[in-house]
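S.K.: Let me begin by handing over the structure; questions about it come next.
Bear in mind these aren't lab numbers, they're just calculated from the coordinates by the rules spelled out. Treat the numbers as computed from the prediction; the structure is a model and nothing was measured. Cβ placement follows ideal geometry from the backbone for every residue including glycine, while neighbour counts extend to all protein chains displayed.
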Amino acid sequence: MLVAAPLAGAGLWYVRSLPKPVEVRAGPQPGAPAVASPSSTPALLLVDVAGWVRRPGVYEFAEGARVIDAIEAAGGARPGAMLQSLNLAAPLVDGTQVLVPKEGEAPPPGAAWGSSMAGGLVNVNTASAAELETLPGIGEVLAQRIIDHRTANGPFTSVDQLLDVSGIGESILGSIRDLVTV
């Protein structure tokens with residue numbers, strides 16, 4: 001009896017500390033009527049947390065959650081993770097992946113670390129300098145100017161606003177227009 005009570009308590013604590021599973025539902029069927037959700041219900045984001053984390057998987061977050069929240073939900077970064085290559089303060093975007101790199105690891109072709117990739121597009125409002133530099137015509141200097149512009153003026157509201165960044169003209173904008181999003 002004296003042994004059973006502490007074991008039961010420890011078992012209950014362990015079960016309660018496990019993350020809640022995420023239920024993934026299929027989207028609406030083609031031709032099905034759209035159903036409006038009440039505006040008072042906060043938006044939920046589904047984000048795939050992968051790479052050098054303790055428990056990779058798909059997690060559910062409230063709107064406004066950040067990359068650091070995603071990493072913590074996945075049990076935290078494993079030793080050797082290159083967190084400095086991520087913008088930990090970047091807001092999460094529904095349907096994207098937070099990919100935490102391991103030291104010495106390069107991103108897969110066509111991918112970037114972090115959560116600024118939405119549908120394969122680089123989000124100029126959340127991308128790191130390294131992610132921006134993957135775009136044609138954008139080097140270290142222009143990447144920093146984009147970041148400086150959004151820091152000083154707030155997020156871009158359209159891709160065309162990149163023309164306000166010194167050094168980006170119609171030619172560069174034309175080459176990256178289909179590769180970026182806001």
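S.K.: For Gln144 and Arg78, what does the FRET efficiency come to when R0 = 41 Å and r is the distance between their Cβ atoms, rounded to the nearest 0.05?
M.R.: Values: r = 30 Å, r/R0 = 0.73.
Between Gln144 and Arg78 the formula returns 0.85.
S.K.: For Lys102 paired with Asp160, estimate the spin-label separation in nm (one decimal), with each label point 7 Å from Cα along the Cα-to-Cβ line.
M.R.: Taking the simple label geometry, Lys102 and Asp160 are separated by 4.7 nm.
S.K.: Run the simple label-point estimate for Arg55 and Thr151 please: 7 Å along Cα→C-beta, distance reported in nm.
M.R.: About 3.5 nm separates the two model spin labels.
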